[in-house]
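A.B. asks: After the structure tokens below, expect a handful of questions from me.
The values are calculated or read from the model by the stated rules, or taken from the named source; none is laboratory data. Just so we're clear, the structure is a prediction, and the values are computed from it rather than from any experiment. Positions of Cβ are backbone-derived with ideal geometry, glycine not excepted, and every protein chain shown enters the neighbour counts. SASA here: full protein model, heavy atoms, side chains in, ligands and nucleic acids out. Shrake-Rupley method; radii C 1.70, N 1.55, O 1.52, S 1.80 Å.
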Amino acid sequence: MTSRHGEELKKITLYGIRLPLVHPFRTSFGVEREKYTYIVVVETRSGEHGYGECVAGQQPRYSYESIDIAALVLDKYIIPSIDSTVTNPEIFMERVGWIKGHNMAKASIEMALWDLNARLEGEPLYRYIGGVRRYGEVGVSIGIQGDTHQLLRRIASFLDQGYRRIKVKIERGLEHEILSAIRREYPDIALTADANGDYMPSDKELLTGLDRYGLLYLEQPYPWWSLKGHAELAQAMETPICLDETITSREVAEEAMDLGAAEVINIKPGRVGGLLESLAIHDEAMERGVPVWIGGMLETGVGRGFNVALTTLPNVKYPSDVSASNRYYEKDIVEEPWEVDSQGRIWAPEKPGIGVEIDWEYLEKITVWRKEYRLG
Ligand code: OSB
Ligand code: MG
């Protein structure tokens, strides 16, 4: 990673936006009907720019972070920790290292700096971070539906569109109903289930009963804090355990792998504090032979650009949650909506940075607040 000598930041602008989701997204922690987030634009004196996006939820249900809390943390602690000379993601992370947690707030700026630096170098982000191919294989994450008929219809449609792996959300009490219905119709598809921490270690017997469905892996059965629980479950189950919420840093990832609690890792750059930490987790997992894939947080076309770049890394061994723009939004906020090809791949653009530009006319329309910070 390099940073152009003498480059200085001029301003950082946040755009709070609301855009409707095509389908409500129900998980064990709640329902999301619209996307509420903020988009980051960093600008240098030389006129270059970088984009970022905050992946926190509208409410603190997935984790303790939320968009409004992240914007407050940015305003009160992150922005006052930096100045116009902080253009490099590594230096940025050093400056904000005193702030405990709030990874999604930090990542919203850290990632904008990666986009900026790749653009300054004239390089596509996927190559800038060491991608080894130009595409990633894509899966789709399907929320809990009203009934199994609807679920099966949606699965059929996504398979038709080329998606290579189906992930379904499950919750305590609904697991057998959901998974047996899918396996009756589709005995052989690549299938995974994500509980978003809805079970407790006392549910071990219930969960080992899921081995019969031949899942590629089971994602985050227990709450984020349970390293021992996941390690014991991994011992007891044939199905590999994949961790999402638990993995908040490279150190936690190392402990989880040491304990055998993470047999697969879902990397979400927002959850771990940005791309620097994502790359460290990717490399550490690769050294240990632990496969990873890239998770999603229903990002707009901006956040999606970073996830797509990450899917091109060598240790991404399973399809990622990086679906096409139209799976989430009627109209995306970027000029080039993300598309999945007929073979279930999503391609990283060859243009500099994340390779997409904001559709400013649309962004203005859906902006509900705006905040500008002048640096230096
Ligand atoms: O647990 O992976 C998750 C969306 C919001 C919060 C948590 C999760 C998800 C998804 C959606 O599963 C993945 C996507 O962006 O398609
Ligand atoms: Mg998950």
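A.B. asks: Consider only pairs whose beta carbons are under 6 Å apart and that are at least six residues apart or on different chains; among these, list those whose first residue lies in the stretch 304-328 and is open to solvent by less than 10 Å² (accessible area, probe 1.4 Å) and whose second residue is at pLDDT 95 or above and aromatic (Phe, Trp, Tyr).
C.D. replies: As it stands, the answer is Arg304/Trp338; Ala309/Tyr126; Thr312/Tyr126; Ser320/Trp293; Ala324/Trp338; Ser325/Trp338, since those pairs meet every condition given.
A.B. asks: Just wondering, is there one or more residues in the stretch 58-78 that are surrounded by 17 or more Cβ atoms within 10 Å (Cβ to Cβ), in contact with a Cys (Cβ under 7 Å, 6 or more places away or on another chain) and of a type in the set (A, V, I, L, M, F, W, C)?
C.D. replies: Yes - at least one qualifying residue is present in the stretch 58-78.
A.B. asks: Additional query: Identify, from the list Ile182, Ile178, the residue that is at pLDDT 95 or above, part of a helix (DSSP H, G or I) and within 15 Å of ligand 1 (Cβ to nearest atom).
C.D. replies: Result: Ile178 is the single residue among Ile182, Ile178 that is at pLDDT 95 or above, part of a helix (DSSP H, G or I) and within 15 Å of ligand 1 (Cβ to nearest atom).
A.B. asks: Now for a different question. Tally the residues that are more than 14 Å from the chain's Cα centre (by Cα) and touching a residue at least 40 places away in the same chain (Cβ under 8 Å), restricting the search to the stretch 223-248.
C.D. replies: 2
A.B. asks: Within 23 Å of Ser278 (Cα to Cα), open to solvent by 10 Å² or more (accessible area, probe 1.4 Å) and among the aromatic types (Phe, Trp, Tyr): does that describe Trp338?
C.D. replies: Spelling it out, Trp338 is indeed within 23 Å of Ser278 (Cα to Cα), open to solvent by 10 Å² or more (accessible area, probe 1.4 Å) and among the aromatic types (Phe, Trp, Tyr).
A.B. asks: For the stretch 25-57, what are the residues that are under 30 Å from Gln145 (Cα atoms), of a type in the set (Ser, Thr, Tyr) and open to solvent by 10 Å² or more (accessible area, probe 1.4 Å)?
C.D. replies: Ser28, Tyr36
A.B. asks: Pull up the stretch 254-279, narrow it to residues that are open to solvent by less than 40 Å² (accessible area, probe 1.4 Å) and more than 16 Å from the chain's Cα centre (by Cα), then point me to the one that is nearest to Arg304 (Cα to Cα).
C.D. replies: Ala262
A.B. asks: Which residue pairs have Cβ atoms closer than 6 Å, lie 6 or more positions apart in sequence or on different chains, and pair a first residue in the stretch 178-198 that is open to solvent by less than 20 Å² (accessible area, probe 1.4 Å) with a second residue that is away from ligand 2 (no atom under 16 Å from the Cβ) and part of a helix (DSSP H, G or I)?
C.D. replies: Leu179/Tyr213; Ala181/Thr148
A.B. asks: Do we have Arg154 as of a type outside the set (A, V, I, L, M), open to solvent by 10 Å² or more (accessible area, probe 1.4 Å), within 16 Å of ligand 1 (Cβ to nearest atom) and assigned to a helix (DSSP H, G or I) here?
C.D. replies: The answer is yes for Arg154.
A.B. asks: Another one. Search the stretch 185-202 for residues being of a type in the set (A, V, I, L, M) and assigned to a loop (DSSP other than H, G, I, E, B), and hand back the single one that is nearest to Gly173 (Cα to Cα).
C.D. replies: Per the stated criteria, the residue is Ala195.
A.B. asks: Quickly run through the stretch 193-248 and pick out the residues that are over 22 Å from Ile166 (Cα atoms), within 14 Å of ligand 2 (Cβ to nearest atom) and of a type in the set (Phe, Trp, Tyr).
C.D. replies: Trp224
A.B. asks: State all residues of the stretch 199-220 that are within 27 Å of the chain's Cα centre (by Cα), away from ligand 1 (no atom under 16 Å from the Cβ) and open to solvent by 10 Å² or more (accessible area, probe 1.4 Å); if no residue qualifies, say none.
C.D. replies: Answer for the stretch 199-220, where residues must be within 27 Å of the chain's Cα centre (by Cα), away from ligand 1 (no atom under 16 Å from the Cβ) and open to solvent by 10 Å² or more (accessible area, probe 1.4 Å): Met200, Pro201, Asp211, Tyr213, Gly214.
A.B. asks: Follow-up. Residues of the stretch 350-376 being assigned to a helix (DSSP H, G or I) and among the aromatic types (Phe, Trp, Tyr), which ones?
C.D. replies: Trp360, Tyr362
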